[in-house]
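*Asks:* Take a look at this one; I'll ask things after.
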Amino acid sequence: MAVEMDSAPLPLVSIIVPSYNQGRFIRRTLESILSQDYRPLEVIVIDGASTDETVSILQEFSTHPQLQWVSEPDRGVVDAVNKGFARATGAIGGIQSSDDFYLPGAIRAGVDALQADPALAFVFGDIAKVDAEGRELSRTQLAPYSLEAVLSMETWIPQPSTLFRMDLAKTLGGWREDYPYAADTDLWMRMAVQHPARKLDRLMAQRSMHEAQRDTQGARIVRDYAGMIDSLMSQFDAHGLGGAARAGKLLIANRYDRPGELLRVGRLWQAAWANPKLLQRFPVRSMIPGGNRIRAALSRTVHRLGRR
């Protein structure tokens with residue numbers, strides 16, 4: 001399906017919204033999608049039989065012709081997203097969590113970039129992190145995209161700001177149930193080993209930071225990320241990126257499982273052995289047990305001496 005806008009045909013965009021008990025956020029999520037200056041658009045909410053106010057809010061939005069929704073038990077977020085893929089009819093897709101939000105112009109910017117370069121599998125932009133009341137906490141300044149940079153954790157691909165080719169996502173089978181805590185990254189990786197992608201230099205979405213987030217499940221994230229990388233390692237090796245992929249597994253473990261100092265430093269050295277480019281990125285003090293504390297103590301001493 002396409003419509004004429006400014007004399008140019010535009011593709012239908014399908015935004016999939018997996019939902020479960022996020023009633024305090026989902027109204028704003030839907031408003032952020034439906035207020036976009038882009039059409040044609042379809043919004044597909046797959047709710048897992050929420051027990052809070054979610055369903056009543058969805059009923060309020062039922063008059064919007066772009067919105068379709070279902071509320072029924074499912075097997076979790078991966079199942080919900082894949083149900084959304086099955087319903088989606090657009091050429092371009094997005095997956096927006098029911099507690100995250102698009103910023104004005106985001107969808108049009110993503111479509112324009114994908115239309116300008118048919119080789120691209122997906123595009124993404126920067127995001128702002130906000131608290132549960134919507135107050136901004138910080139903004140990303142992500143580095144330009146390369147698969148090596150993503151694998152080595154120099155940059156990352158935020159789900160809230162990513163738009164992608166729907167046919168490619170479906171051909172690849174959508175989200176894989178084996179890696180529920182790395183399912184979005186897994187899909188981007190499987191796309192990226194086949195096609196280029198691009199980071200857009202604009203703020204595109206907001207991500208809510210609150211106590212119920214999946215990011216708090218550190219051990220599961222480390223497990224699923226490692227499993228996902230291992231499943232694709234032959235493809236990374238074929239692109240000469242096996243070292244970056246192996247290093248990234250260690251860096252993810254350092255980020256999410258809060259290791260002791262010796263284990264953290266040991267992983268950094270293992271990561272640098274797998275991918276020597278990391279030695280240019282990490283300061284020497286971070287590669288020495290207690291190095292950051294020593295530097296901080298020296299800095300305080302120098303500051304005190306300077307005041308005398």
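The values are calculated or read from the model by the stated rules, or taken from the named source; none is laboratory data. Fair warning: this is a prediction, and the values are worked out from it, not measured in the lab. All Cβ positions, even for glycine, are placed from backbone atoms using ideal geometry, and neighbour counts span all protein chains on display.
*Asks:* Just checking, how many residues over the stretch 75-105 are assigned to a strand (DSSP E or B) and within 15 Å of residue 42 (Cα to Cα)?
*Replies:* Looking only at that region, the number is 5.
*Asks:* Look through the stretch 49-74, keep the residues that are in a helix (DSSP H, G or I) and β-branched (Val, Ile, Thr), and return whichever of them is surrounded by the most Cβ atoms within 10 Å (Cβ to Cβ).
*Replies:* 54
*Asks:* What do you reckon, is residue 226 modelled with pLDDT of 95 or more and either in the same structural domain as residue 38 (by TED's automatic domain parsing) or over 16 Å from the mean Cα position of the chain (by Cα) (or both)?
*Replies:* Against the criterion (modelled with pLDDT of 95 or more and either in the same structural domain as residue 38 (by TED's automatic domain parsing) or over 16 Å from the mean Cα position of the chain (by Cα) (or both)), residue 226 qualifies.
*Asks:* Considering (1) outside any helix (DSSP H, G or I); (2) out of contact with any helix residue (DSSP H, G or I) (no Cβ under 7 Å at 6 or more places or on another chain), say which one residue 282 fails and leave the rest.
*Replies:* (2)
*Asks:* Taking the stretch 149-179 on its own, how many of its residues are surrounded by fewer than 19 Cβ atoms within 10 Å (Cβ to Cβ), assigned to a helix (DSSP H, G or I) and either within 11 Å of the chain's Cα centre (by Cα) or touching a residue at least 40 places away in the same chain (Cβ under 8 Å) (or both)?
*Replies:* Qualifying residue count, the stretch 149-179: 3.
*Asks:* Then there's this: Only residues in the stretch 239-256 that are touching a residue at least 12 places away in the same chain (Cβ under 8 Å) and under 18 Å from residue 221 (Cα atoms) count as the first member; pair them with residues that are among the small types (Gly, Ala, Ser) and buried (at least 22 other Cβ atoms within 10 Å of the Cβ), Cβ under 7 angstrom, at least 6 apart or cross-chain, and list the lot.
*Replies:* Sorted first by the residue in the stretch 239-256, then by its partner, the pairs are 247/152; 247/271; 248/152; 250/271; 251/271.
*Asks:* If you don't mind, another one. Any residue at all in the stretch 195-209 that's of a type outside the set (A, V, I, L, M, F, W, C), at pLDDT 95 or above, in a helix (DSSP H, G or I) and within 30 Å of residue 114 (Cα to Cα)?
*Replies:* Scanning the stretch 195-209, I find no residue that is of a type outside the set (A, V, I, L, M, F, W, C), at pLDDT 95 or above, in a helix (DSSP H, G or I) and within 30 Å of residue 114 (Cα to Cα), so the answer is no.
*Asks:* Just one of (1) surrounded by 13 or more Cβ atoms within 10 Å (Cβ to Cβ); (2) over 19 Å from residue 100 (Cβ atoms) trips up residue 34, so point out which.
*Replies:* (2)
*Asks:* Determine, yes or no, whether residue 212 is at pLDDT below 95 and surrounded by fewer than 22 Cβ atoms within 10 Å (Cβ to Cβ). Don't jump to the end; show me each part of the working.
*Replies:* On the way: at pLDDT below 95: yes; surrounded by fewer than 22 Cβ atoms within 10 Å (Cβ to Cβ): yes.
Answer is yes for this residue.
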